Structures are given as C-alpha cells and as structure tokens.
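Notes for the one structure printed next.
Please treat every number below as a calculation from the coordinates, not as lab data. Keep in mind that this is a model prediction, so the values were computed, not measured. Every residue, glycine among them, receives a Cβ derived from its backbone with ideal geometry; neighbour counts consider all protein chains shown.
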Amino acid sequence: MPIDDIHHIVSQNSWFASLPQNLAALLLEKGKIKVLEDRQVLHQKNDPADGFYCVLSGKIRISNFTMEGKELVLTWIQPGNWFGEISLLDNQPRTHYAHAQQTTRLFKISKSTFEQLFIKHSEWSQHIMRLLCQRVRATFSLIDETGCLSLKGQLCKRLSLMHQGLEEQQSPCMELTISQDALAQLIHSSRQTVNKILQGLQTDKVIALRYGKIMVLNKIRLAELGQI
C-alpha cells in the first residue's frame, strides 16, 4: 500500500491528525503493514504486547469469552483507529482477544519503536496521555450505557457511534455494514430482539434496513434515543 494512502487513512483519526509533523512522519516511516485473513487472531487474552496498531482496512473484533465459551464482543475497531497502547505502557498482558473481521490490513508500530519514542521525543508522552484519556471517557460511556440504557437505547447508541465514525472518516459509503448477529453480540442480547428493535426503528423512519447493512435516515433522532 503506497505511503500516501496510508497517510490518508491514519490522518482521518483526530488523535493522529493532531500529532506534530515530526512525530507523524516518524510513525509513518517506522510502521509496517500486517495483513490478517478473515477470523485470524491478532492476539489472544494474556498474550504479551508486541505493537501499537492502526486499522487500514477491514476491522478488528475485540472480545472476551465466558467460562462456557460464549464470546462477549466489546467493540469493532474500524479503519483509521489506533489500539494496543495500554499493554505497551504498563508491560502487562493483553486484556482481550483481537480477531480480524474480514481480510484486514493493519499498520504496526513495533514495541521497540513505541518505547524509543518516549526516550527520543519528550512530547510523545503527552500525546499518548491524551489517547488514554479518550479510552477512559469511552469506558465511562460504556459503563453508563450498560447500566442505564434499555436494550433499544444501547443499540441506538452503538449505531449512532458507528455512523459518527463513518462521518469522521469521510467515508464515501454511509451505510453501516454489520449483521444483526453482530449487533446482538454487542449488546449481549438475541438476534430476535435486535431484529424487533431494528424493525421498529425502520417503521419510525430512523433507519432503513438493507441486506447486511443499515442506512441511518435520521442521525439526530438516533443519537437522542441513545442518550441517558
């Protein structure tokens, strides 16, 4: 993949776009492309950290498993988003499983490069701290969502966040590509319940359903339904 294409994708992320030019250029220079096939494991829970990643295409499914083997999906990481810094910072194992959801290209910053940035560039720590703050805010939002919202509210919030992500990436296609089974995993519910909620949202003209896709017709109403 040409470096200009990589730069275009990673720059869609507000965190990367705010980096000083010298740091952004260094990341682009040091990074390597890693390709995963559909369902291939990037890392398992308790694996040692080996890098800091950005999704270039495809998506990464972040999840854990119950003792009975049921998968609990936390989120999908979409193109332009960075992840994997926490275990590099505290030198602790990975906290979740990460699988490719379709063929996925990643931009990898090695562990050694990540650590050298702290030594050679004092401002790097400030930018990583800001990324961590974004993680904390997202975690608090998830806790609020799980504890206070109905299943409909949780589903609307997830759809709203995914739609906002497409807008931030200036995606040419504004349809959400996600199955009802995947949505059910996200809110820890059943496919039948998700289908019933989606059908109601379609009747209210908040969304339109396509095969394996969801088009948001009223993003303001969708966001309102996902608020506490």
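Quick notes on this structure:
- Modelled label positions at residue 203 and residue 189, each set 7 Å beyond Cα in the direction of Cβ, lie 1.4 nm from each other.
- Taking trypsin sites (Lys or Arg not before Pro) as exposed when their DSSP state is a loop state and no more than 13 other Cβ atoms lie within 10 Å, the longest site-free interval of the chain runs over 71-204.
- Degrees separating the helix 21-30 axis from the principal Cα axis of the chain, which is the longest one: 90
- Label point of residue 123 set 7 angstrom out along Cα-Cβ; within the range 1-32, amide nitrogens under 18 Å from it belong to 11, 14-30.
- Structural descriptor for the range 150-225: relative contact order 37 percent, calculated from alpha carbon pairs under 8 angstrom and at least 6 residues apart.
- Out-of-range pairs (alpha-carbon distance over 19 Å; input 45/70; 59/152; 59/213; 34/213; 152/205; 70/196): 59/152; 34/213; 70/196
- When the Gaussian network model of the chain links Cα atoms closer than 10 Å, the mean-square fluctuations of 95, 75, 66 top out at 66.
- Using only side-chain charges placed at the Cβ, +1 for Lys and Arg and -1 for Asp and Glu, the dipole size of the chain relative to its Cα centre rounds to 380 debye.
- When both the range 174-190 and the range 1-37 are represented by their alpha-carbon centers, they are found 29 Å apart.
- Computed from Cα atoms, the angle from the helix 111-120 axis to the main principal axis of the chain rounds to 60 degrees.
- C-alpha long axis of helix 151-168 to longest principal axis of the chain, angle in °: 50
- Length-normalised contact order for the chain - Cα pairs under 8 Å, 6+ apart - percent: 20
- Cα-centre dipole for the range 150-225 with unit charges at Cβ (Lys and Arg positive, Asp and Glu negative), debye to 20: 220
- Selected from 25, 208, 182 as most flexible by GNM, with the chain as the system and alpha-carbon contacts under 10 Å: 25
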